[in-house]
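K.L.:
The following block contains the structure, expressed as structure tokens.
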Amino acid sequence: MAVFTLTVTNPAGVDLSLFFPGLLGTRWSSAGYTPTSGNSNYRIISNGVVDETRSYSIETSGKDYSFSHGDAAVGGTITSATLSVTPMGGTKAQLATLSIDLGSYTTTYGGVPIPSILDLTPAALMRFADRLDSNRATLVLKGADGNDKLPGSQWSDILDGGRGVDWLEGMGGDDLYYVDNQGDAVRENGGEGLDTVVSTVTYRLAEGTSVEILRAFPSSGRVGLTGNSFSNQIFGNESANRLDGGAGNDALTGGLGRDVFLFSTKLSKTGNVDQILDFRVVDDSIWLENSIFKGLGKVGSLTKPAKLNGDAFITGSRAQDKEDRIIYTKTTGSLYYDADGTGKAAQIKFAQLEKGLNVKASDFFIV
């Protein structure tokens with residue numbers, strides 16, 4: 001399998017689109033080559049204006065370099081590359097490096113043939129790898145300590161922003177994201193593959209981000225994870241996690257630890273039903289947002305949850321009196337909320353548990 005790993009080396013953070021001039025407006029300035037190396041220098045065009053304050057250079061190693069289509073098209077078989085910036089009147093500084101591993105094809109091909117150094121876009125790299133081994137190419141983007149921007153490809157990418165507040169966009173393919181800051185922004189449109197976010201911190205998926213799977217990093221300890229209006233699969237780890245599916249029909253798995261399953265979005269008669277796949281009555285609890293679930297007794301908060309009034313819970317198929325608000329149907333595992341307990345307002349299903357659990361009022365808290 002071919003793996004292209006692009007690593008930010010500048011601790012202040014980098015927009016890796018700079019490594020891919022095909023993704024940005026650029027003006028070429030000069031180029032050169034030897035039989036085993038090539039370089040192209042360019043400036044960025046932003047909003048129609050050329051940035052004259054700094055120039056960028058891509059320097060590659062490999063073989064068979066030549067001018068192929070005019071001065072700007074220095075091409076050859078590339079084995080590695082670096083991106084550098086030179087401020088006007090300043091010193092050149094390296095920003096990022098690209099390494100290439102073609103797996104079993106490395107000996108045969110010895111690198112990636114590219115017609116122009118200015119065409120090191122993910123699409124160009126991955127198209128070559130895809131011809132070698134269909135659907136077996138991966139682009140790995142690694143940020144540094146600063147605020148990085150990592151643009152992926154139409155293939156399956158791995159994006160890790162590193163420290164800082166990062167912007168990550170995988171585009172097509174089944175992408176894997178690693179986030180370690182609550183401000184990290186993940187961008188995915190619908191229909192762009194089966195995507196996963198793995199977080200080492202408490203993290204909320206932004207609305208409009210079409211990510212199917214949200215996971216707590218195994219050794220990250222007690223983190224909270226919140227989905228969005230898409231139907232998400234959310235997984236905790238071995239610690240005590242707080243999982244909130246958000247809107248949508250979500251699947252929640254707490255893992256080991258004393259987990260909390262939070263319900264904080266408006267209920268619906270036609271959806272927004274979350275499935276808790278591993279609810280353990282001896283360890284786990286369900287927290288209910290007081291602005292949605294009313295008439296349940298004393299109101300608490302996320303920092304100090306209040307116990308559900310014992311009279312507000314019943315096991316059965318429907319409420320028996322006006323005190324009954326939370327209903328667990330043992331034969332089906334369905335969990336309902338009845339706004340008045342009288343049947344005047346129809347009960348609404350908001351969660352699905354396993355059948356036959358010994359669920360009690362003490363498993364619920366109001367926040």
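K.L.:
Which trypsin sites (Lys or Arg not before Pro) from region 240-306 combine a DSSP loop assignment with at most 16 other Cβ atoms within 10 Å?
P.N.:
Taking region 240-306 and a limit of 16 other Cβ atoms within 10 Å, the loop trypsin sites (Lys or Arg not before Pro) found are 258, 266, 269, 280, 294, 298.
K.L.:
Once every DSSP H run of n ≥ 4 in the chain is given -39500 (n - 2.57) and the sum is divided by its residues, what mean residue ellipticity at 222 nm do you get, rounded to the nearest 500 deg cm²/dmol?
P.N.:
Only helices count here, giving -1000 deg cm²/dmol.
K.L.:
Setting aside same-chain residues fewer than 8 positions from residue 298, which aspartates and glutamates have a Cα under 20 Å from its Cα?
P.N.:
By straight Cα distance, residue 298 reaches 289, 311, 321, 323, 324, 338, 340, 363.
K.L.:
Can you list the equivalent-ellipsoid semi-axes of the chain, largest first and in whole Å, using the square root of 5 times each Cα gyration tensor eigenvalue?
P.N.:
54, 19, 16
K.L.:
Using the Cα centre of the chain as origin and beta-carbon charges of +1 (Lys, Arg) and -1 (Asp, Glu), tell me which of 41, 314, 3 is placed farthest towards the positive end of the dipole.
P.N.:
After comparing all options, I get 314.
K.L.:
Same structure again: Taking the Cα centre as origin and putting +1 on Lys and Arg beta-carbons and -1 on Asp and Glu beta-carbons, what dipole magnitude results for the chain, to the nearest 20 debye?
P.N.:
My answer is approximately 760 debye.
K.L.:
Continuing with this model, one more query. How far is the Cα center of region 310-367 from the Cα center of region 99-155, in Å?
P.N.:
Region 310-367 and region 99-155 have Cα centres separated by 53 Å.
K.L.:
Let me ask another. Among 197, 179, 299, which comes first, then next, by fewest other beta-carbon atoms within 10 Å?
P.N.:
Lowest to highest Cβ neighbour count: 299, 179, 197.
K.L.:
How large is the translational diffusion coefficient of region 232-367 in µm² per second when you combine the Kirkwood radius over alpha carbon pairs with Stokes-Einstein at 4 °C and 1.567 mPa s?
P.N.:
Calculated translational D: 88 µm²/s.
K.L.:
Right, another one. Listed here are the pairs 294/330; 294/349; 269/307; 266/322; which of them are more than 20 Å apart at the Cα?
P.N.:
The pairs that break the limit, which is 20 Å between Cα atoms, are 294/330; 269/307; 266/322.
K.L.:
Here is a follow-up. If each residue's Cβ is checked for other Cβ atoms within 10 Å, how do 171, 1, 88, 126 rank with the fewest at the top?
P.N.:
Sorted ascending by nearby Cβ count, the order is 88, 1, 171, 126.
K.L.:
List the residues, sorted by chain then number, that are 5 or more residues from residue 25 or on another chain and whose placed amide H is less than 5 Å from its amide H.
P.N.:
45
K.L.:
Need the list of aspartates and glutamates near residue 142 for cross-linking: C-alpha distance under 16 angstrom, and skip anything on the same chain fewer than eight residues off.
P.N.:
Output for residue 142: 15, 101, 157, 160, 166, 169, 175, 180, 184.
K.L.:
Shifting gears a bit: Could you list 17, 219 so that the one with the fewest beta carbons within 10 Å of its beta carbon is first and the one with the most is last?
P.N.:
Ordered by Cβ neighbours within 10 Å, fewest first: 219, 17.
K.L.:
Sticking with this structure for a sec: Return the long-range amide H neighbours of residue 202 (sequence gap of 5 or more, or a different chain), with a cut-off of under 5 Å between placed amide H atoms.
P.N.:
Amide H to amide H, under 5 Å and 5 or more residues apart or across chains, residue 202 pairs with 224.
Bear in mind that the values in this text are calculations on the coordinates, not laboratory data. None of these values were measured; they are calculated from a predicted model. FYI the Cβ positions are ideal-geometry reconstructions off the backbone, even for glycines, and counts take in every protein chain you see.
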